[in-house]
1. Which option, (1) 31; (2) 13; (3) 24, is the value of percent of Cα pairs over 45 Å apart that was calculated from these coordinates?
2. What is the local net charge at residue 384, summed over the other residues whose Cβ is closer than 12 Å to its Cβ (Lys, Arg +1; Asp, Glu -1)?
3. Suppose the chain between residue 64 and residue 39 were pulled fully straight at 0.36 nm per residue; how much longer would it get relative to their current alpha carbon spacing?
4. In terms of modelled amide H atoms, which long-range or inter-chain residues lie less than 5 Å from the amide H of residue 447?
5. Return the calculated 222 nm mean residue ellipticity for the chain, to the nearest 500 deg cm²/dmol, obtained by summing -39500 (n - 2.57) across DSSP H runs with n ≥ 4 and dividing by the residue count.
6. Just flag the GluC sites (Glu not before Pro) in the stretch 379-414 sitting in loop per DSSP whose Cβ has no more than 10 other Cβ atoms within 10 Å.
7. Convert each backbone phi in the stretch 302-318 into a coupling constant with the Karplus relation 6.51 cos²θ - 1.76 cosθ + 1.60 (shift: θ = phi - 60°), then list the ³J(HN,Hα) values in order as whole Hz, x for Gly and Pro.
8. Amide H neighbours of residue 294 under 5 Å, counting only residues 5+ apart in sequence or on other chains, H built in-plane at 1.01 Å?
Amino acid sequence: MPPIVPDFSTSVKLKYVKLGYQYLVNHIITLTLIPLIIAIFLQVLRMGPDEILNLWRSLHFDLLQILCSSFFIIFVATVYFMSKPRTIYLVDYACFKPPVTCRVPFSTFMEHSRLILTNNPKSVEFQMRILERSGLGEETCLPPAIHYIPPKPTMEAARGEAELVIFSSMDALFQKTGMKPKDIDILIVNCSLFSPTPSLSAMVINKYKLRSNIKSFNLSGMGCSAGLISIDLARDLLQVHPNSNAVVVSTEIITPNYYQGNERAMLLPNCLFRMGGAAILLSNRRSERHRAKYRLVHVVRTHKGADDKAYRCVFEEQDKEGKVGISLSKDLMAIAGEALKSNITTIGPLVLPASEQLLFLLTLIGRKIVNPKWKPYIPDFKQAFEHFCIHAGGRAVIDELQKNLQLSAEHVEASRMTLHRWGNTSSSSLWYELAYIEAKGRMKKGDRIWQIAFGSGFKCNSAVWKCNKTIKTPLDGPWADCIHRYPVHIPDVVKL
């Protein structure tokens, strides 16, 4: 039946009313000052030369007043510039591209599962169902040790994977930026599940013979959002160390963490996690301002670890047979939603235009005073950002954020295509997504980017960047040989 009342929410006229409201509120100061300035200018034009001269003579200034005023202005300007945070630039970054020999098509993955889990066909069937609905494509990669039947997760193989991923990313970064190893002042490496001794950061220092006074950090156990935690740490260090370069390496080493048991909650990561890594060069040097791609605006971190359910929703433990794996709770999406809610409550006032903040405030007051059943107003974050990089943790994560933030298919395209081409690469997925946007030629000067990541603990972290210059479509990078094929249609279920 045709609707009795027209759908005013899709009305073209209502759209222009909303655009007019947003423009009015966001530029209220400018719109107020312009008529005032025009009125003053017209009044001055009406005055004769004698009146203007008399007005000037009536303003008495002596030398002491001028000196005191000048000193005060210089003092305030000095305090302001000394207390102002240093600008942090993202000069460039490089993503790891696995060799073709590491590719794991669906047929290969399922054949290995059947051979490894011979005595438990139900676990094989469960993995097949997950893979069919995962949103992954046929070109994702696993490290060489996982290709054996059964897998050989030795310490030597894990170190080999770490060296391949990290050194390849670092070499690509050196080539893109022209930076030499001795130019690195701060090094931060994050990898959640593989924490050898000496650390991965020490491995990088040994490989590239970095300076003895380098400030190095190794972050482990912090989940898929560790990449933004590393960015936050680098920002804090660059605030207190002038004229410095910081390199952040984000990766996840899969070799020692491939689960070979029968617990379904622990089999799920096998289907989603794949090889990946990225190296990022940050700097506070003013000389890097002109060639830097982005400028860091905000980092907001939310931690829900005080809640027991949130703490245990992503948990490394042993199953009944003593096999170690990562258990994912059924409450994961609900907990992620709560963490996201807390995060956007904090970041909203920092990035949203005044029009959206005013609507949110009025709705909140209305719910408290008028009618508690009013639907809460969800701010339109599309007014604050041109690009969204949502951690490619899985199809359900991307779907949930698209729904909650009311994003279009294009806004989440980078996340979906990254999941399809590379799988869940943990903390490095955000950089594959950013590389996708660049490869599509969509990044323009002044564009704002919102990176959102979730991680064990449970954490939700955000980073806001602003593009320094229009970025030309790169001829290298992880997407160079396949960007022409994307975006691709990803069906709800891929029958295997």
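1. (3)
2. After counting each charged neighbour, the total is -1.
3. 5.7 nm
4. Amide H neighbours of residue 447: 467.
5. Calculated at 222 nm, the ellipticity per residue is -14000 deg cm²/dmol.
6. Those that pass, being in a loop and sparsely packed, number zero.
7. Values per residue, Gly and Pro as x: 10, 10, 10, x, 5, 8, 4, 5, 5, 5, 9, 6, 10, 9, 8, 7, 9 Hz.
8. Long-range HN contacts for residue 294: 90, 468.
The values are calculated or read from the model by the stated rules, or taken from the named source; none is laboratory data. Worth saying up front: this structure is predicted, and the values here are computed from it rather than measured. Here the Cβ is made from the backbone with ideal geometry for all residues, glycine too, and neighbour counts use every protein chain on show. Ligands, DNA and RNA are excluded from the accessible area calculation, which covers all protein heavy atoms including side chains. Shrake-Rupley method; radii C 1.70, N 1.55, O 1.52, S 1.80 Å.
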